[in-house]
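The values are calculated or read from the model by the stated rules, or taken from the named source; none is laboratory data. Being a predicted model, the structure only gives us computed values, none of them experimental. FYI the Cβ positions are ideal-geometry reconstructions off the backbone, even for glycines, and counts take in every protein chain you see.
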Amino acid sequence: MNSHTPALSARAIVAITLSVLTAAIILIWSASPANAANPYERGPAPTLSSIQATTGPFATATTTVPSGNGFGGGTIYYPTDTSQGTFAAIAMSPGFFNTQSAISWYGKRIASQGFVFLTINTNTILDFPDSRATQLLAALDYLTQSSPVSSLIDSSRLGVMGYSMGGGGTLKASKTRPSLEAAVGVAPWHSTKNWSTNTVPSMMLGMQNDTVAPASSHAIPFYNSLPASIHKVYAEVRGASHSTPTSANTPIAQYSIAFLKQELDNDTRYTQFLCPAPAVGGTNPLSAYSSTCPF
């Protein structure tokens, strides 16, 4: 019996080396945050209290946008922590006769959940929904192409949001640019009721006691006309009037955040707040709810 181990052939040595290197590469690849199950997740696992909070897990800063660039200027709210990567971006329009001051409370509240958020002024306070739609899209183009925070934004994950005529503008913007990934209309108003060709995931937030844009003739027909094949939600805020969305409101915030997180960040950790349907009526914050759950 030989007292020494036979030498490995050159071919065997190469095969073993390649095997070890392949295993190491796979280990490194699977451990990389950029290749996690969902690379767009931002922030810790949510709880009901975290999406109801007035401030989310991200510290934020602001920068002012002058008029021009196709809209009336505004304010950008953005997370200051970039260690988790880029963020989805949202532009929001105010309603008829309003300036961005009517929607300013959404800025920090939504940005602190891990979004770049732009509240715009429209070119005039009398602009109708289709004009507001054009300005929302111009605002997104500005955010992604020439704003001082463009490097923070993932331009493939963009959404629009709007109040009243601005909410109607989100429907038109979605029809014009189907590459958008989310639209949220808050007490939305539009003279067009049929949006059956829209394919952008959409949430319509109706106000139970709205006499300016009654949900029965605006938000509900909008929701019903949207195709059943998309992710869509109708949530109606109990006891709310048309002006309710111009002040901080927890139900509006929590359902908007959950929907935006799910659609723009593909973050199924937030689906629990949308599906199954929450309790409605009585003392619950919602008086009605419909969706195309399960998402």
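Structure above, values below:
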read-out: Where residue 216 falls short, out of the listed (1) under 19 Å from residue 235 (Cα atoms); (2) without any contact (Cβ under 8 Å) to a residue 60 or more places away in the chain; (3) in contact with an Asp or Glu (Cβ under 6 Å, 6 or more places away or on another chain); value: (3)
read-out: Any hit, segment 83-92, residues being farther than 21 Å from residue 180 by Cα and outside any helix (DSSP H, G or I); value: yes
read-out: Meets criteria (touching a residue at least 12 places away in the same chain (Cβ under 8 Å), surrounded by 24 or more Cβ atoms within 10 Å (Cβ to Cβ), closer than 25 Å to residue 215 by Cβ and among the small types (Gly, Ala, Ser)) for residue 111; value: no
read-out: Residue 218 vs. criteria in contact with a helix residue (DSSP H, G or I) (Cβ under 6 Å, 6 or more places away or on another chain) and more than 16 Å from residue 292 (Cα to Cα); value: no
read-out: Test set (1) of a type in the set (Val, Ile, Thr); (2) at pLDDT below 50; (3) under 24 Å from residue 110 (Cα atoms) - residue 22 fails condition number; value: (3)
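Okay, residues lined up against (1) at pLDDT 95 or above; (2) surrounded by 24 or more Cβ atoms within 10 Å (Cβ to Cβ); (3) closer than 15 Å to residue 76 by Cβ; (4) out of contact with any Lys or Arg (no Cβ under 8 Å at 6 or more places or on another chain):
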site	(1), (2), (3), (4)
98	yes, no, no, yes
121	yes, no, yes, yes
125	yes, no, no, yes
139	yes, yes, yes, yes
